[in-house]
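Working notes, beginning with the structure itself.
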Amino acid sequence: PEVLDVARANKLSGAVVSSPATALGYSGEFGINGQKVTVVATDTLNSIRDKINGLNAGSTPSGVTASVLSTGATQHRLVLS
């Protein structure tokens, strides 16, 4: 067999928001490796991070972790790895 490519880590980030603890006002669902994340209007960057990280546990972890990256007092974004 011939190796054509190797796996590598990726990161994806969202738009900048002013506070990781302020409700974003978004609602809906999205999937991470077959697992569903439900977002409600009162969710914050911090609570969405916690929901995503909660899926990366147990017997079927998602393989995705989330963190909040702060690059200034009013510059915060969600980063998925």
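If you check D43 against the conditions, is it among the acidic types (D, E), touching a strand residue (DSSP E or B) at 6+ places or on another chain (Cβ under 9 Å) and within 15 Å of V68 (Cβ to Cβ)? Outline the logic, then answer.
Working: among the acidic types (D, E): yes; touching a strand residue (DSSP E or B) at 6+ places or on another chain (Cβ under 9 Å): no; within 15 Å of V68 (Cβ to Cβ): yes.
It is false that D43 is among the acidic types (D, E), touching a strand residue (DSSP E or B) at 6+ places or on another chain (Cβ under 9 Å) and within 15 Å of V68 (Cβ to Cβ).
For the structure I just gave you, tell me whether N56 is in contact with a Ser or Thr (Cβ under 9 Å, 6 or more places away or on another chain), at pLDDT below 95 and not in a strand (DSSP E or B).
On the way: in contact with a Ser or Thr (Cβ under 9 Å, 6 or more places away or on another chain): yes; at pLDDT below 95: no; not in a strand (DSSP E or B): yes.
It is false that N56 is in contact with a Ser or Thr (Cβ under 9 Å, 6 or more places away or on another chain), at pLDDT below 95 and not in a strand (DSSP E or B).
For residues in segment 59-81 being in contact (Cβ under 8 Å) with a residue 40 or more places away in the chain and in a loop (DSSP other than H, G, I, E, B), which is most open to solvent (accessible area, probe 1.4 Å)?
T74
E2 passes all but one of (1) assigned to a loop (DSSP other than H, G, I, E, B); (2) surrounded by 10 or more Cβ atoms within 10 Å (Cβ to Cβ); which number fails?
Checking E2 against (1) assigned to a loop (DSSP other than H, G, I, E, B); (2) surrounded by 10 or more Cβ atoms within 10 Å (Cβ to Cβ), the one that fails is (2).
Any residue at all in segment 36-57 that's exposed (fewer than 13 other Cβ atoms within 10 Å of the Cβ), more than 10 Å from the chain's Cα centre (by Cα) and at positive phi?
The answer is no; no qualifying residue exists.
The values are calculated or read from the model by the stated rules, or taken from the named source; none is laboratory data. Given the structure is predicted, the values throughout are model-derived calculations rather than measurements. Here Cβ is always computed from backbone atoms with ideal geometry, including for glycine, and neighbour counts include all displayed protein chains. What goes into the accessible areas is simple: the full protein's heavy atoms, side chains included, and nothing from ligands, DNA or RNA. Shrake-Rupley method; radii C 1.70, N 1.55, O 1.52, S 1.80 Å.
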